[in-house]
Every structure is written in structure tokens, then in C-alpha cells.
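Notes follow once the structure below has been shown.
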Amino acid sequence: MNAPLREPSFRESVDLMFNRAVRLMDLSPGLEEKIRVCNSTYTVRFGVRLRGAIHTFTGYRSVHSEHMEPVKGGIRYAMGVNQDEVEALAALMTYKCALVEAPFGGSKGGLRIDPREWDEHELEQITRRFAFELVKRDLINPSQNVPAPDMGTGEREMAWMVDQYKRMNTTDINAAACVTGKPLNAGGIHGRVEATGRGVQYALQEFFRHPEDVKRARLAGGLEGKRVIVQGLGNVGYHAAKFLSEEDGVKIVAVIERDGAILNPNGVPVEFLKTHIAATGGVKGFPRGTYVDDGAAALEEECDILIPAAMESVINLTNAERIKAPLIIEAANGPVTAGADEVLRAKGVVIIPDLYANAGGVTVSYFEWVKNLSHIRFGRMQRRQEEAQHALLVSEMERILHSAGVKGGISERFKSEYVRGAGELELVRSGLDDTMRTAYQSMREVWHGRKDVDDLRVAAYLVSIARVAASYRSKGL
Ligand code: GLU
């Protein structure tokens with residue numbers, strides 16, 4: 001029997017992918033090293049008095065690259081958080097932001113905690129204490145380091161963090177921009193919660209606009225009717241599955257969760273399943289599909305598109321060979337290890353890589369940060385003016401049609417849709433769609449244009465690293 005191959009750590013995995021790309025570039029070894037390494041990682045251990053005893057928590061904030069500031073990236077709450085993981089995730093943030101042209105360096109944070117073990121009030125105390133430690137060192141700061149939600153955190157945690165920052169910086173007029181992913185009433189933006197899932201949808205829509213690319217994945221036609229497996233029905237997986245099934249006609253043939261999977265060849269009703277999970281804590285017992293307790297095995301089921309939306313390293317050397325999906329879109333960060341990536345590429349699987357696929361979150365975070373700094377909601381100045389212009393055009397057309405004796409005229413539905421000016425949500429969606437399309441084009445040009453590039457991941461890294469390198473060079477490095 002062959003000796004089992006050693007799986008690299010998450011951090012090593014990201015470096016291996018980076019190395020595969022820089023080999024094809026003409027960077028000086030010094031600059032290559034400068035970009036690859038993580039600039040700093042701050043570790044904090046703090047105690048909080050809870051339930052009559054002092055509990056010590058360990059948290060991290062890692063800054064990968066400061067070629068642009070502020071640096072950006074989420075804060076996750078999970079028991080598996082460790083330095084290697086936050087550094088890998090911070091590096092991915094650098095490349096992700098460069099790829100989608102969000103003007104940030106890369107950062108990531110984490111707190112080793114199981115959020116389900118604590119009640120809301122306790123979580124607030126822990127979060128405020130963690131935020132205090134980070135604010136004190138400018139690791140939460142609108143112009144230096146701007147966190148956001150990630151696994152195990154959401155709007156609620158961001159609201160506590162921004163409030164903590166405000167208490168410590170009472171005269172900072174830009175305080176709201178110190179974190180993104182906030183609730184609307186605390187300076188958030190419409191469309192941020194669903195942004196990562198929306199971005200996955202827009203990424204797939206863009207992929208399927210290119211028959212040549214679809215063919216590379218041994219598929220044909222559009223998204224309609226494609227069989228999709230989703231792993232993880234958290235914020236990202238839930239929204240991706242919901243939008244793809246409700247708006248693009250895909251069939252969610254399996255949903256994999258912590259306690260097993262639900263299979264249904266006719267399509268799992270996503271909304272119902274989400275409600276079931278919220279009520280029971282898992283997918284078991286869901287009436288509209290077949291339950292299997294071996295969730296990992298469900299990753300290997302037949303499908304057209306596999307969406308790992310849970311966590312890193314779930315597709316690795318132990319299962320890569322058995323994955324049947326011809327197309328994988330990495331909604332999570334790092335779900336495919338470097339080793340598995342090699343196995344899958346050899347099998348001809350097309351992988352839409354994480355740094356592109358899940359960049360919708362940080363893209364809308366960028367819009368939120370800009371909104372906070374400009375202190376005005378998108379669309380507030382133009383919306384009614386736009387509506388007046390459109391209404392003027394419609395009434396003129398109606399007048400001309402009427403005088404030409406055309407029967408029927410303009411339909412009421414067209415009129416109301418055309419006249420309506422864009423509000424914040426429409427503008428956010430438009431900006432996100434544009435970003436996902438443009439970033440795909442930039443990867444695609446490299447994928448198709450260079451003979452030495454045969455996968456989207458290397459193409460994405462090449463685009464990103466070139467941008468980061470250009471930014472360092474312009475600083476004289
Ligand atoms: N945590 C998300 C990510 O991994 C969002 C980061 C952000 O919005 O800054 O991309």
C-alpha cells in the first residue's frame with residue numbers, strides 16, 4: 001500500500017497555490033517573498049467573568065498585506081480557530097480584494113469559542129472585550145483595519161463592535177466605518193447579509209454566459225435544470241441555494257449539514273429546510289427528502305455543480321478522487337486543499353476559486369464602508385430625479401403613440417418598472433453584479449489567453465498578485 005500523502009496545513013495550501021502562480025510570473029524573489037508572507041498576527045488572551053468564574057478566551061487578528069489600507073477581512077467565532085487558519089484566511093483576503101478591485105489590504109480575525117455555548121448577553125460581553133483589545137491596538141479602525149462578519153458572527157456582533165469602538169473614540173466622525181456587515185440601523189447597507197450568496201449566484205451566471213467555459217466543465221446549456229449539491233446552509237450556502245433555485249431554476253439535489261444530508265432528486269425546498277434546521281437544530285427528520293447521516297459521502301454524489309459553503313479543507317486527499325461533480329464553486333474559503341486541487345484538475349474538474357467565488361461579501365462591505373464615509377445612503381440624491389426623467393420620457397412616448405393612432409400604448413407594468421428609480425438595494429446589486437462580471441473577465445482572459453495556465457485558480461492568483469505587486473512597486477519597493 002502507498003504511504004498516505006501528507007496534507008499541507010491550510011496556510012501551506014494557500015502558499016502552494018500562490019507559488020504555483022508566481023512561478024509563471026516575473027517577480028523579483030524579494031517582492032515575491034514580501035507579498036507571500038503574513039505581515040503580523042496579534043494574539044490576545046483575555047478573561048471575562050461569566051457564570052461566577054473567569055473564562056479565558058484566545059483571539060487573533062492577522063494582517064497579511066498592507067499594500068493598501070485599511071486592511072479588510074472578517075472575524076470568525078469557532079472552536080477550530082488558530083493562527084495558521086487566520087493567516088491563511090488573511091492571505092486569501094489580500095488576493096480576493098485585489099481581484100475584485102476593493103481598495104483594501106488583507107486581514108482576518110478569529111476567536112476560539114463555540115458561540116452556541118453562550119447566551120446572547122454573555123456573547124455581548126465577550127465580543128465587547130475582544131473588540132476593546134483590538135480597538136486599543138488600531139486593529140479595528142476605519143482607516144486601518146475594518147473587520148466584518150465571518151463564520152459564527154453576523155450583524156449582531158458587528159453592532160456590538162462598532163458600539164465599542166464609538167465608546168472608545170467618541171469624536172471620530174467616521175466611526176461607523178470601523179466594521180462592515182452592521183445592521184441597517186447601525187450604519188449597515190441593504191444587501192450585505194445576502195451579498196456572499198448573491199455573489200456566488202452572479203459568479204455562476206457569468207460562468208454560464210460563456211459556452212466555451214461551460215464546455216471545459218463537460219457541461220452544456222445554461223443554469224436552468226442543473227443539479228446542485230450544497231454543503232452548509234449557513235449564511236452563504238443558504239442564500240446561494242435560495243437564489244439559484246428560486247431565480248435560476250437549478251435543482252438543489254442535496255444539502256449537507258453538520259448532522260447529515262438531505263437528498264432529493266426533484267429539488268430540496270431550501271426555505272422549508274432552513275426553517276426545519278432553525279426549529280430542530282439539524283436536517284434529520286426533514287420530510288421532503290431522504291436523510292443520510294453520512295454527510296461527507298453526499299459530497300461524492302452525482303451532480304453538475306458542487307457548492308462547498310461550509311469550511312476549509314472539506315475536499316482533500318481522502319475524498320478528491322471520488323468527487324463526481326464536473327464543476328465546483330468554492331463558496332467557502334479554502335474548501336479544496338492544494339493536494340485535492342491537483343487531483344481534481346487531473347480529472348478535468350473546473351473549479352471556480354474562493355478568492356473570486358465568495359468575494360461578494362467583501363465587495364458589498366466596500367460599498368458599506370464608502371456609504372459610512374460619505375454619510376449618505378446610495379441613491380438618496382438621484383432617485384427621484386431619475387424617476388422624473390423616466391416619467392417625462394414615458395409621457396412623451398405616449399403622446400407620440402397617441403397622435404400616431406397606435407392602439408394599446410405602453411403597458412402599465414413596463415411603465416412602473418421603467419419609471420422606478422434605483423434605491424440602495426438596486427444599486428448594491430448592480431455594483432455587485434458588475435464587480436463579479438468584471439473580475440470573471442479578468443480571470444478568463446488569463447485562463448484562455450495564456451498557454452501555461454489551465455485553471456481558473458492560477459488565473460485568479462496571477463491577476464491578483466500582479467495588482468498587489470504593481471501597488472508595492474509604485475511605492476518604490
Ligand atoms: N468574511 C468575509 C470573507 O471572507 C467578508 C469579509 C469582509 O467583508 O471584509 O470574505
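When the chain is fully extended, how far beyond the present Cα-Cα distance does residue 376 get from residue 271, taking 0.36 nm per residue of separation?
34.4 nm
Using C-alpha pairs below 8 Å separated by at least 6 residues, the relative contact order for the range 274-373 is 21 percent. Take every DSSP beta bridge whose two residues both sit in the chain; close to 50 percent of them are antiparallel.
Bridgeable lysines around residue 407 (alpha carbons under 21 Å apart, same-chain partners fewer than 8 residues away excluded): 415. Rounded to the nearest 500, the 222 nm mean residue ellipticity of the chain from helices alone is -14500 deg cm²/dmol, with -39,500 (n - 2.57) taken per DSSP H run of at least 4 residues.
Subtracting the Cα-Cα distance of residue 411 and residue 384 from their residue separation scaled by 0.36 nm leaves 7.6 nm. Separation of the range 323-356 and the range 57-84 by C-alpha centroid, Å? The two parts, judged by their Cα centres, are 24 Å apart. Label-to-label distance, residue 422 versus residue 170, with points set 7 angstrom from Cα along the beta-carbon direction: 4.1 nm. Per-residue Karplus couplings for the range 407-418, computed as 6.51 cos²θ - 1.76 cosθ + 1.60 with θ equal to phi - 60°, are listed in order as 7, x, x, 8, 5, 4, 5, 4, 4, 5, 6, 6 Hz, Gly and Pro entered as x. Taking only the alpha-carbon positions of the range 187-266 and ignoring solvent, what does the Debye formula give for the base-10 log of I(q)/I(0) at q = 0.17, 0.21 Å⁻¹? The computed values of log10 I(q)/I(0) come out as -0.71, -0.99. Got the relative contact order for the range 122-169 handy, in percent, Cα pairs under 8 Å and 6 or more residues apart? RCO, the range 122-169: 43 percent.
Seen from residue 136, the other residues with C-beta closer than 13 Å to its C-beta sum to a net charge of +3, counting Lys and Arg as +1 and Asp and Glu as -1. Label point of residue 138 set 7 angstrom out along Cα-Cβ; within the range 73-115, amide nitrogens under 18 Å from it belong to 73, 104-108.
Looking at the range 144-221, which trypsin sites (Lys or Arg not before Pro) are DSSP coil and have at most 13 other C-beta atoms within 10 Å of their C-beta? Within the range 144-221, the qualifying trypsin sites (Lys or Arg not before Pro) (loop, at most 13 other Cβ atoms within 10 Å) are 209, 218. If you plug the beta carbon distance of residue 45 and residue 220 into 1/(1 + (r/R0)^6) with R0 = 51 Å, you get a FRET efficiency near 0.40. Of interest is the spacing of the C-alpha centroids, which for the range 401-477 and the range 214-277 amounts to 24 Å.
Segment residue 84..residue 247, full-extension length gain: 54.9 nm, with 0.36 nm per residue of separation and the alpha-carbon distance subtracted. The value given for the chain is a Kirkwood hydrodynamic radius of 23.6 Å, derived from the mean inverse Cα-Cα separation.
Remark: spin-label model distance residue 475-residue 438 equals 2.3 nm, labels positioned 7 Å along the Cα→Cβ axis. Residues whose amide H comes within less than 5 Å of that of residue 78, counting only those at least five positions distant or on another chain, are 111, 113 (H built at 1.01 Å from N in the peptide plane). Entry note, the chain: relative contact order of 15 percent, from Cα contacts under 8 Å with a spacing of 6+ residues.
Quick note: the coordinates plus some simple rules give every number you see, no bench work behind them. Small disclaimer: the values here were computed from a predicted structure and weren't measured. Cβ coordinates were reconstructed from backbone atoms using ideal geometry, including for glycine residues, and neighbour counts include every protein chain displayed.
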